[in-house]
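Undergrad: Here it is: the structure, laid out below.
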Amino acid sequence: YIPDKKIENISGKDIIREVSPNNENYDIIKKTPKFPYIRLIGQFNNTYILGESSDELYIIDQHAAHEKILFEKYRKQIKNNDVVSQILITPAVVELIPEDFIYYDENKEVFEKAGFTIEIFGENTVAIKEVPLFLGKPRVKDLFLEILDNLKNMGKGETVDVKYRSIATAACKAAVKAYHELTMEEMKALMDDLRFADDPFNCPHGRPTIVKLTVTDFEKKFKRIQ
């Protein structure tokens, strides 16, 4: 997990410093976090991040949390025409059935704005030459076909904004996976980003990212109280 923000506290206010594509730091916004600072305890089963704040225990699903961070970041980049792409060493050639090729052709501008560079490579065939940088080394063909399938299922009446959301949701497969060991620094960076997400409590698919337990919850489990 590589952070793209630096969180600083100046005069009691949190300042988010976000790294731009040319690696220069610049202040983005003064923003109130959606949940308090959490003192990290560690990682459970290489899947859940554990932390505490006051008398509450926080359990964070690292995959769901990273999905939400990537989703919000990518959606914002698309909206601001600020998606950074990477050139594939070997273009991914995808042969489509005629129906799918028509759907691609009708939505090629949506793909372009989302950071994909795609060229026609023969009859009903495309060559994907660039993909969004944050995807790392994705399974390009599978991702392209999944996005295209999502667009087909929407039909022609959906707005461009809804189509971008579909692309961002599919791209979230690049998120940190379950059963992946993280260092304390990586966990802290992930938590810093999540605290300042627009909606940190659910992943793009609707699953919760955070479960919170109080001391009272534990005391009831251990039958200290009724």
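The values are calculated or read from the model by the stated rules, or taken from the named source; none is laboratory data. Predicted, not measured: the structure shown is a model, and the values here were computed from it. Glycine gets a Cβ as well: all are built from the backbone with ideal geometry, and neighbour counts include every protein chain shown. These accessible areas exclude ligands, DNA and RNA; they are computed on the full protein's heavy atoms, side chains included. Shrake-Rupley method; radii C 1.70, N 1.55, O 1.52, S 1.80 Å.
Undergrad: So how far apart, in nm, are the two label points at residue 214 and residue 133 if each is 7 Å from Cα heading toward Cβ?
TA: Placing both labels 7 Å beyond Cα along the Cβ direction yields 4.5 nm.
Undergrad: Give me the percent of the accessible area of the chain that comes from carbon and sulfur atoms, probe 1.4 Å, all protein chains in place.
TA: So the carbon and sulfur contribution to the accessible surface is 51 percent.
Undergrad: Under a plain spin-label model, where a point goes 7 Å from the Cα along Cα-to-Cβ, how far apart in nm are residue 54 and residue 179?
TA: Result for the modelled spin labels: 3.8 nm.
Undergrad: Per residue, how much space in cubic angstrom lies within the convex hull of the C-alpha atoms of the stretch 26-95?
TA: 196 Å³
Undergrad: Let me ask something additional. With the cut-off at 25 Å, tell me which of the pairs 141/173; 113/177; 108/156; 68/220; 68/188; 113/137 have Cα atoms farther apart than that.
TA: Over 25 Å apart, Cα to Cα: 113/177; 68/220.
Undergrad: Given a cut-off of under 8 Å on Cα pairs at least six residues apart, what relative contact order in percent is computed for the chain?
TA: 29 percent
Undergrad: Excluding residue 83 itself, calculate the net charge of residues whose Cβ lies under 13 Å from the Cβ of residue 83, where each Lys or Arg counts +1 and each Asp or Glu counts -1.
TA: Net of charged neighbours comes to +2.
Undergrad: Rounded to the nearest 500 deg cm²/dmol, what is the calculated helix-only ellipticity per residue at 222 nm for the chain, with -39500 (n - 2.57) per DSSP H run of length n ≥ 4? All intermediate terms of the calculation are to be shown ahead of the outcome.
TA: Values: 7 runs with 79 residues, N = 226.
Result for the chain, helices only: -10500 deg cm²/dmol.
Undergrad: Which value, in debye to the nearest 20, describes the size of the charge dipole of the stretch 92-146 about its Cα centre when Lys and Arg Cβ atoms bear +1, Asp and Glu Cβ atoms bear -1, and nothing else is charged?
TA: Taking the Cα centre of the stretch 92-146 as origin, the dipole is about 380 debye.
Undergrad: Also, quick follow-up: Using a 1.4 angstrom probe, figure out how much accessible area the chain has per residue, in square angstrom, rounded to the nearest whole. Before the final figure, lay out each step's value.
TA: Working: 13160 Å² over 226 residues.
Solvent-accessible surface per residue comes out at 58 Å².
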